[in-house]
Amino acid sequence: MALFPIYGVFQGDFVPHLVAIDTENTMSQVAEAVAVHSVGRRVAVNPSGLYEAIVAGEVRHHDALRAAESGVTVICALHSHSERIALPPLATRVRATLPGLAITLSAVDRDPFAIS
């Protein structure tokens with residue numbers, strides 16, 4: 001359980017939001033965390049409640065704009081964050097699968113982004 005930032009662009013909105021989410025959040029909770037900044041403000045409430053989303057580590061600016069214009073929510077988890085969150089469980093799985101292989105995660109590498 002740890003907070004990390006993502007950039008999210010809600011469908012129909014033109015403003016990306018830096019949102020802190022928890023590593024244990026479900027996709028619905030992540031989408032809700034992004035939606036709360038847009039729905040009812042710059043984006044009309046969707047009565048059906050159905051939205052599609054793209055989750056990525058990196059999204060080019062114009063790709064995000066095109067996705068938003070076509071009604072797709074874009075959640076950009078940032079390259080560094082999306083890798084770091086996956087490394088510990090991946091290391092655990094590799095260690096279990098290949099017990100003779102030494103797996104070490106860096107103790108000095110740090111994310112260049114921070115939540116203040």
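The values are calculated or read from the model by the stated rules, or taken from the named source; none is laboratory data. Please read all numbers here as calculations on a predicted model, not as lab measurements. FYI the Cβ positions are ideal-geometry reconstructions off the backbone, even for glycines, and counts take in every protein chain you see.
Please determine whether any residue of segment 78-96 is within 15 Å of H17 (Cα to Cα) and under 22 Å from the mean Cα position of the chain (by Cα).
Yes, that holds for at least one residue.
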Take segment 6-42 and flag every residue that is farther than 17 Å from H79 by Cβ, at pLDDT below 75 and not in a loop (DSSP other than H, G, I, E, B). V39
For segment 75-94, the count of residues that are under 19 Å from A53 (Cα atoms) and not aliphatic (A, V, I, L, M) equals 4
Checked against (1) touching a helix residue (DSSP H, G or I) at 6+ places or on another chain (Cβ under 6 Å); (2) part of a helix (DSSP H, G or I), V94 satisfies every condition except (1)
Tell me, please, whether a residue that is in a helix (DSSP H, G or I), modelled with pLDDT under 80, among the acidic types (D, E) and out of contact with any helix residue (DSSP H, G or I) (no Cβ under 6 Å at 6 or more places or on another chain) can be found in segment 47-55. no
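Given the structure, is I54 within 17 Å of E24 (Cα to Cα), surrounded by 14 or more Cβ atoms within 10 Å (Cβ to Cβ) and within 18 Å of the chain's Cα centre (by Cα)?
no
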Those residues of segment 70-91 which are part of a helix (DSSP H, G or I) and either small (G, A, S) or touching a residue at least 12 places away in the same chain (Cβ under 8 Å) (or both) amount to H79, S80, H81, S82, E83, R84, I85, A86, L87, P88, A91
List, please: which pairs have Cβ atoms under 7 Å, are six or more places apart or on different chains, and start with a residue in segment 103-114 that is modelled with pLDDT of 80 or more and end with one that is among the charged types (D, E, K, R)? I103/R95
